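So the structure is just underneath, and the comments pick up after that.
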Amino acid sequence: EEGNHIISYWCGDSRNYILTKSGLQQISVDDLSKPQDPLENLRNDEALSNCISQDKPFTIHEHDCGVFEEPTIIISATDGCFGYLSTPMHFEYLLLKTLASATDCEQWKQLIEKELIEYSGDDFSLALIMVDESFEYWKKELSKRLRFIEKNYIDKIQKMKNDIAEAEQLLETSKTDLYNGITSLWESYKTDFLKIK
């Protein structure tokens, strides 16, 4: 009656999330041999310290997230869903972008799957449930969040990537200019330098 009481259970590096109109929140902690935050783990891919196994003991973790009065989407995802993206922000962006393009839940599922197939280097599983509200509610409510993520994170990261690509192109052009310039100067210099031909 007070809201949705959410308890997160996990093992390994599959993750649980809640998505509200305020954004995506991770409600699990990766079981890694050396603790890292989600961005660090994307960069370094630390080994697992705990995973479900038939032949060795493992731990199922539990975290009581409390009661959520506001509408909530609950998500569980294996690392194939987020482990090949540039940043954790890109996972939220993928969910919001596909939601904005979809006309119903089934199409949202298909668009998410299409995106995951394109970039994931692994198998993947994702379970998502909308609690209390309809697809139309979430599509409308999360449109502002999509614009916020795009403007404040995704566009800025893309600009930095574009700047690097331009700098790399300029570097390659400069290397070619250097090579051609040295060759031209050598042609001038070698006339007096090579006395025996």
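Some points to look at:
- Normalised contact order of the range 76-197, rounded percent, pairs of Cα under 8 Å and 6 or more residues apart: 31 percent
- Applying the Karplus relation 6.51 cos²θ - 1.76 cosθ + 1.60 with θ = phi - 60° to the range 53-70 yields 3J(HN,Hα) values of 9, 7, 10, 8, x, 8, 10, 9, 7, 9, 9, 7, 7, x, 9, 9, 7, 7 Hz, where x marks Gly and Pro.
- ³J(HN,Hα) computed for each position of the range 180-197 - Karplus, 6.51 cos²θ - 1.76 cosθ + 1.60, integer Hz, glycine/proline x: 5, x, 4, 4, 5, 5, 5, 4, 6, 6, 6, 4, 8, 7, 8, 8, 10, 10
- Point-charge dipole on Cβ atoms (K/R +1, D/E -1) for the range 105-144, about Cα centre, debye to 20: 200 debye
- The residue list PHE148, SER184, LEU194 was ranked by how far each Cα lies along the charge dipole of the chain toward its positive end, using unit charges on Cβ atoms, and LEU194 comes out on top.
- Structure-derived Kirkwood radius over Cα pairs in Å: which label, when the choices are (i) 20.3; (ii) 18.3; (iii) 17.8: (i)
- Three-way shape call for the range 78-134 based on the alpha-carbon gyration tensor, with the a/c threshold at 1.5: prolate
- Near THR72, the amide H atoms lying under 5 Å from its own belong to VAL131, GLU133; only residues 5 or more places off or on other chains count, and H is placed 1.01 Å from N.
- Cα gyration tensor shape for the range 56-151, rounded if a/c is under 1.5, else prolate or oblate: oblate
- Taken about its Cα centre, the range 1-157 carries a charge dipole of about 620 debye when Lys and Arg each add +1 at the Cβ and Asp and Glu each add -1 at the Cβ.
- Pairs over the 27 Å Cα-Cα cut-off, from the set LYS34/LYS159; LYS34/LYS156; LYS109/LYS159; LYS109/LYS140: LYS34/LYS159; LYS34/LYS156; LYS109/LYS159.
- Under a 5 Å amide H cut-off, with hydrogens placed 1.01 Å from N, CYS65 pairs with ILE6, ILE7, SER8 among residues at least 5 apart or on other chains.
- The range 19-96 - percent of accessible surface contributed by carbon and sulfur, probe 1.4 Å: 49 percent
- Cβ-based charge dipole, the chain, positive-most Cα from TYR9, LEU39, THR72: LEU39
- Prolate/oblate/rounded call for the range 1-90, Cα gyration tensor, a/c under 1.5 rounded: oblate
- Taking only protein heavy atoms and a 1.4 Å probe, the accessible area of the range 113-166 is 53% carbon and sulfur.
- Couplings 3J(HN,Hα) for the range 101-112, derived from phi with the Karplus relation 6.51 cos²θ - 1.76 cosθ + 1.60 (θ = phi - 60°), are 8, 8, 9, 7, 4, 4, 5, 4, 4, 5, 5, 4 Hz, where x marks Gly and Pro.
- The residue among TYR84, ALA102, THR59 whose Cα reaches farthest toward the positive pole of the charge dipole of the chain, with charges on the beta-carbon of Lys, Arg, Asp and Glu, is TYR84.
- The residues of the chain expose on average 66 square angstrom of accessible surface per residue, using a 1.4 Å probe on protein heavy atoms.
- Distance between modelled label sites at PHE193 and VAL131, nm, 7 Å Cα→Cβ extension: 7.5 nm
The values are calculated or read from the model by the stated rules, or taken from the named source; none is laboratory data. Given the structure is predicted, the values throughout are model-derived calculations rather than measurements. Using ideal geometry, Cβ is built from the backbone for each residue, glycine included, and neighbour counts are taken over all protein chains shown. Only protein heavy atoms, including side chains, enter the accessible area calculation; ligands, DNA and RNA are left aside. Shrake-Rupley method; radii C 1.70, N 1.55, O 1.52, S 1.80 Å.
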